[in-house]
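Let me begin by presenting the structure, written as structure tokens, before commenting on it.
The values are calculated or read from the model by the stated rules, or taken from the named source; none is laboratory data. Everything quoted here is computed from the prediction, not taken from an experiment. A quick note on method: Cβ atoms are made from the backbone with ideal geometry, for glycine too, and the neighbour counts reach across all protein chains shown.
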Amino acid sequence: MNDYGMISHKEKILVGVSGGVDSLTLLRLLFDLQKRAPVEFDLLPVYVDPGFDSGFADELEAWVGEHFGRIIIDPTDHGIVAHSRENRENPCFLCSRLRRKRLFEIATELGCAKIALGHHKDDLIETLLLNMFYAGSIGTMKPRQSFFDGEIEIVRPLSYVEKRDIVSLSRLLKFPTFENPCPSDGSTKRDTVKRVLEELYKENSHIKGNIFRSMGRVKTDYLLKQTL
């Protein structure tokens, strides 16, 4: 958070909550930080409900309300639209885009200059490879990213944190488990990349750190010119 100057005095920060351990960990750490940080800031948890049957919005609202206070539950049909017959090829891309668009809208409505998301170190590495494998480009999610000429920024305070540490902490703190109702859960392109990386990590424990460091050590003189 210091490296990227993620929080400023008197800011209102929207915290994107998905119900997974990543966002619950982010929520807990930010509320803990709020009590001892040298700057004052407000936190507003928001859950954009994708609209699947057997969702967990009520349970999530009750748990967050008990531990942290109010959470905004925003009902949508994003997940259903993304998994419609017309969009079978890439439902995750559309659902993610619609969800982020809605978070931007809510942040603007409520005067939040920043949106905090629970993406972690493994997510950044996987995104790099996803872009290379499926989009033909080199890029990842930045720990701090500006949109709309700086009107809104996305911050990812867990960017240096590994997934295994998040899982360990969530077990220690006994976070609840919310069952993901998404029909694509476990069978996405990201899941494919995860499996590839897991095999590489077994072979060499330095690979994860090397990939992560490489994203800040780009030797542009040794890259190709852009081609069609």
From the options Thr192, Thr127, Thr108, residue that is in contact with a strand residue (DSSP E or B) (Cβ under 8 Å, 6 or more places away or on another chain), assigned to a helix (DSSP H, G or I) and more than 19 Å from Phe31 (Cβ to Cβ)
Thr108
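Report yes if Ile166 is under 26 Å from Val64 (Cβ atoms), out of contact with any strand residue (DSSP E or B) (no Cβ under 8 Å at 6 or more places or on another chain) and surrounded by 11 or more Cβ atoms within 10 Å (Cβ to Cβ), otherwise no. Walk me through how you get there before you give the answer.
Numbers: under 26 Å from Val64 (Cβ atoms): yes; out of contact with any strand residue (DSSP E or B) (no Cβ under 8 Å at 6 or more places or on another chain): yes; surrounded by 11 or more Cβ atoms within 10 Å (Cβ to Cβ): yes.
Against the criterion (under 26 Å from Val64 (Cβ atoms), out of contact with any strand residue (DSSP E or B) (no Cβ under 8 Å at 6 or more places or on another chain) and surrounded by 11 or more Cβ atoms within 10 Å (Cβ to Cβ)), Ile166 qualifies.
Among the candidates Ser18, Ser8, Ser96, single out the residue that is polar (S, T, N, Q) and buried (at least 18 other Cβ atoms within 10 Å of the Cβ). So that I can check it myself, show each step before the final result.
Details: Ser8 fails: buried (at least 18 other Cβ atoms within 10 Å of the Cβ); Ser96 fails: buried (at least 18 other Cβ atoms within 10 Å of the Cβ).
Result: Ser18 is the single residue among Ser18, Ser8, Ser96 that is polar (S, T, N, Q) and buried (at least 18 other Cβ atoms within 10 Å of the Cβ).
Within the stretch 31-44, is there a residue that is part of a loop (DSSP other than H, G, I, E, B) and without any contact (Cβ under 8 Å) to a residue 24 or more places away in the chain? Reasoning before the result, please.
First, pick out the residues of the stretch 31-44 that are part of a loop (DSSP other than H, G, I, E, B): 37-40.
Then keep just the ones that are without any contact (Cβ under 8 Å) to a residue 24 or more places away in the chain; that gives 38.
Yes, that holds for at least one residue.
Does Asp191 fit the bill of being under 16 Å from the mean Cα position of the chain (by Cα) and at pLDDT 95 or above? Write out each step before concluding.
Working: under 16 Å from the mean Cα position of the chain (by Cα): yes; at pLDDT 95 or above: no.
In short, no.
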Restricting the search to the stretch 45-76, which residues are β-branched (Val, Ile, Thr), under 18 Å from the mean Cα position of the chain (by Cα) and part of a loop (DSSP other than H, G, I, E, B)?
Ile71
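Look through the stretch 130-163, keep the residues that are in a helix (DSSP H, G or I) and aromatic (Phe, Trp, Tyr), and return whichever of them is modelled with the lowest pLDDT. Before the answer, list the steps.
From the stretch 130-163, those in a helix (DSSP H, G or I) are 130-135, 163; that's our starting set.
Okay, now just the ones that are also aromatic (Phe, Trp, Tyr), so 133-134.
Values: Phe133: 94, Tyr134: 91.
So, considering only residues that are in a helix (DSSP H, G or I) and aromatic (Phe, Trp, Tyr), the one modelled with the lowest pLDDT is Tyr134.
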